Structure formats: structure tokens, C-alpha cells
């Protein structure tokens, strides 16, 4: 693929990749449960109040999708295999995948754990054309992590995102149509690429705006591009009108923001049956504290504030927070704080949801020596060993009481 070597500051000459992991949570689970490959696998809680966090493509052909109630998913596909979410494991896999991206460019904007924008404009002359880099990223991710990703290549983030969606596997009826894995949208192809897409594919256009546009006879991006920004601004306001008009023409001048700061790490669980016993709630808190602490360590972060979130049986939701002078990253410390916050609450009416959030995050590599002490160092060594066991044998393989049998 021939590419012009022009300045990176020119939006028209940028080489932007959008890399999106295919069914990331499920695919990560299948790497450590290879015997389940080819079966309908769901990540999430199977109970009455559970929801599907992720679905394999074999499950999606039954009409199952993320955020669907688990009971509905089970009804659609009784043979589906449910696996519990393990966010600390997914975060670690994500970290390794992002490290692969860093071999190509330092300009990486991660969007959650499973997707990222890469500006490879500066590495075209060294590594190869943007399409070559996209192919190489896919190869490395599959060879090193056993995962598959789809990559969109374009001159801006909006087009690259749409291109990666076009490259992904598609569920059509009861079949999965696997895409090419890489989709390139060249400048000369932008109008043809965008024209047939539904207007809802434009960022910032929600259901209400979509309905308004369709009421005006505008259902495709091609039709939208025919309307002047002046007219759109008159109907939808200047900001949204200009935004829609620019994207409909494939214009997106936003740059890849390489340093997106993680603001919080959290874990929560909705229970199938309301819980009233303090000891049982403390046990659930312990599990969540380990998940949050593991994620903090994998991201090399400390937290200064810990928040306990509770939703009662009547759906009343409260949160209680506690900040510390010395930032923390161990489950022992997080559990001590949340246990104190929980102990003063009236639990007799039943708890429907319980959660922990760590905020006030800061780089642990800078603070590690300053805040080191013997107890914390010992706790961290023990918990890091537990992290390693869970990564190898599964989230339920070890607890504070010792190794447990997986069921």
C-alpha cells in the first residue's frame, strides 16, 4: 500500500488505527479454558439478577448480547456455559496487548480494556505502511496472546472506528460471517464508505436525534451529508449541527490523546437473593477488595479514597467514602476500610447490590519507596502470589483461606 510521507500535523495525512479486540472477555477466558472453544460461552452471573458481560460468537447466533439478563440468555441458549467475570485478569491481558501496540507507536489512546486508537503517522517510514502495521499487530496479538482483533485504518478516529466495526465478525441469522480483520478507508473512498451507513452510526446521535432525522427523511449518512451545516444548526443547534455535518463528510480533527488517566477502579455485584448477614456481605467485600487491589497493582496505581456502594432491596442506593493520608493498593487495607463503613449500616432490610470503588489514583512507581512499610510489603507479596495463581488456574482457585477446588 503506497502512502504519502507528509507532516503528521496535517489531519488529512494522519494514519490512525482503531484496534478492537473481538469478544475480549470471552476470548481471554477461552485462552485459559481452551476446552470450551467452539461452544456458546458467556461471561457473567447466571442467576436471576445476573447480566451477560460478554458473549462468544457461538452464543451470539442465538440472539444473546452484552447487558442481556442472564435468565433471558439461558432461555435462548440452555446449553450456554457461564463463566464468572475476572476483571483483574482481563486488565492484565489488556496491559500485555497494549504493550504490543507500544512497539509501533507511543501515541496510544486506550478506550477501556479492549480497544484503542493508535496514531502511526510517525512510524510509517520506519515500520511500514499503516495497513502493514495493522496486519502485523493482528499477527502479534494472536501469536503472543491467542486473541483476535479487528483493525480499522483511516485518516481520523471516526473513520477508523467505523472501519474496525466493518472488519469484525458479523452475526447473520444463525451464522457468523468472519470479516477480513483489517479494513482500510482511503481518502478517495470516504464518501462511498459513509453514504450507505445509518445516521445512528455517527457519534453523538442518539435515539431521539435519529428519530428526528428519520422524520425529515434522512436515514443514511449520505443523505445527511447533502444537508448544509447551516440548516442542521437551525434544527438541532449550532454545536450538534456542525458536529453532525462534519462527521457526515468524514471530517474529524481530534487527535489521539496518548495519556488518558484512569480515574477509578471499581467492582460491584448484584445478588440473586437479598443479603442481610454481615459476615456474608464481608465475604463478598473481600472478593471485591482483591479484585480492585489486583487491578490497581496491574495498572501500577495507588488509591487515596475508597468508596462503599450499597443498593438496598427497595432500590435505595447509598455510598460511603473514606480517604487515607497514605495511598493504598492492597486488598487488606481496602477491606479494612469498607468493613468499617459497612459495620455502621442497618442491613436488616436486605442488600441487593454491593460494590467498591478506588479513586484519587496516583502512580505507584513514584510513591512505592516513600510509602513502603513491612506490613504492606508482606500483604502485597501474598496478594501478588494469589494474583499469579488466579491468572493460571482461574478466579476461584485461591482465597484468603487457601486453595479451593474449582467447580
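The values are calculated or read from the model by the stated rules, or taken from the named source; none is laboratory data. Because the structure is a prediction, the values reported are computed rather than measured. Cβ atoms come from the backbone with ideal geometry, glycine included; neighbour counts cover every protein chain shown.
Evaluate the following for residue 189: is it in a helix (DSSP H, G or I) and either touching a residue at least 24 places away in the same chain (Cβ under 8 Å) or within 29 Å of residue 63 (Cβ to Cβ) (or both)?
Details: in a helix (DSSP H, G or I): yes; either touching a residue at least 24 places away in the same chain (Cβ under 8 Å) or within 29 Å of residue 63 (Cβ to Cβ) (or both): no.
Criteria not met by residue 189.
Can you tell me how many residues within region 1-32 are modelled with pLDDT of 90 or more, outside any loop (DSSP other than H, G, I, E, B) and surrounded by 15 or more Cβ atoms within 10 Å (Cβ to Cβ)?
Selection size over region 1-32: 14.
Restricting attention to region 309-362, which residues are surrounded by fewer than 17 Cβ atoms within 10 Å (Cβ to Cβ), assigned to a helix (DSSP H, G or I) and free of Cβ contacts under 8 Å to residues at least 60 places away in the same chain?
336, 339, 340
I'd like the full set of residues that are at pLDDT below 90 and either in a loop (DSSP other than H, G, I, E, B) or touching a strand residue (DSSP E or B) at 6+ places or on another chain (Cβ under 7 Å) (or both), limited to region 114-150.
Across region 114-150, the qualifying residues are 128, 129.
Can you find a residue that is in contact with a strand residue (DSSP E or B) (Cβ under 7 Å, 6 or more places away or on another chain), under 15 Å from residue 20 (Cβ atoms) and either part of a strand (DSSP E or B) or not assigned by TED's automatic domain parsing to the domain that holds residue 154 (or both) anywhere in region 82-91?
No, there is no match, as no residue in region 82-91 is in contact with a strand residue (DSSP E or B) (Cβ under 7 Å, 6 or more places away or on another chain), under 15 Å from residue 20 (Cβ atoms) and either part of a strand (DSSP E or B) or not assigned by TED's automatic domain parsing to the domain that holds residue 154 (or both).
With (1) more than 23 Å from the chain's Cα centre (by Cα); (2) touching a residue at least 40 places away in the same chain (Cβ under 8 Å) as the list, and residue 296 as the residue in question, which single condition is left unmet?
All conditions pass for residue 296, except number (1).
Out of (1) under 19 Å from residue 102 (Cβ atoms); (2) in contact (Cβ under 8 Å) with a residue 40 or more places away in the chain; (3) more than 18 Å from the chain's Cα centre (by Cα), what's the single condition that is false for residue 143?
(2)
When you look at residue 201, is it surrounded by 14 or more Cβ atoms within 10 Å (Cβ to Cβ), under 30 Å from residue 341 (Cβ atoms) and in contact with a helix residue (DSSP H, G or I) (Cβ under 7 Å, 6 or more places away or on another chain), yes or no?
In short, no.
Here's the yes/no breakdown for (1) outside any loop (DSSP other than H, G, I, E, B); (2) out of contact with any helix residue (DSSP H, G or I) (no Cβ under 8 Å at 6 or more places or on another chain); (3) closer than 30 Å to residue 297 by Cβ; (4) at pLDDT 90 or above:
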{"site": "213", "(1), (2), (3), (4)": "yes, no, no, yes"}
{"site": "234", "(1), (2), (3), (4)": "yes, no, no, yes"}
{"site": "244", "(1), (2), (3), (4)": "yes, no, no, yes"}
{"site": "259", "(1), (2), (3), (4)": "no, yes, yes, no"}
{"site": "262", "(1), (2), (3), (4)": "no, yes, yes, no"}
{"site": "270", "(1), (2), (3), (4)": "yes, yes, yes, no"}
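Can you say whether residue 280 is outside the structural domain of residue 162 (by TED's automatic domain parsing), surrounded by fewer than 16 Cβ atoms within 10 Å (Cβ to Cβ), modelled with pLDDT of 90 or more and closer than 30 Å to residue 302 by Cβ, as far as the supplied structure shows?
Spelling it out, residue 280 is indeed outside the structural domain of residue 162 (by TED's automatic domain parsing), surrounded by fewer than 16 Cβ atoms within 10 Å (Cβ to Cβ), modelled with pLDDT of 90 or more and closer than 30 Å to residue 302 by Cβ.
What's the total number of residues in region 33-73 that are part of a helix (DSSP H, G or I) and touching a strand residue (DSSP E or B) at 6+ places or on another chain (Cβ under 8 Å)?
7
Among the residues that make up region 220-236, is at least one of them within 30 Å of residue 64 (Cβ to Cβ) and exposed (fewer than 13 other Cβ atoms within 10 Å of the Cβ)?
No, the conditions are met nowhere in region 220-236.
Any idea which residue in region 216-230 is farthest from the chain's Cα centre (by Cα), counting only those that are at pLDDT below 95 and assigned to a helix (DSSP H, G or I)?
230
Which condition number does residue 99 fail, the rest of (1) in contact (Cβ under 8 Å) with a residue 40 or more places away in the chain; (2) more than 27 Å from residue 272 (Cα to Cα); (3) more than 15 Å from the chain's Cα centre (by Cα) being met?
Here residue 99 meets the rest and fails (1).
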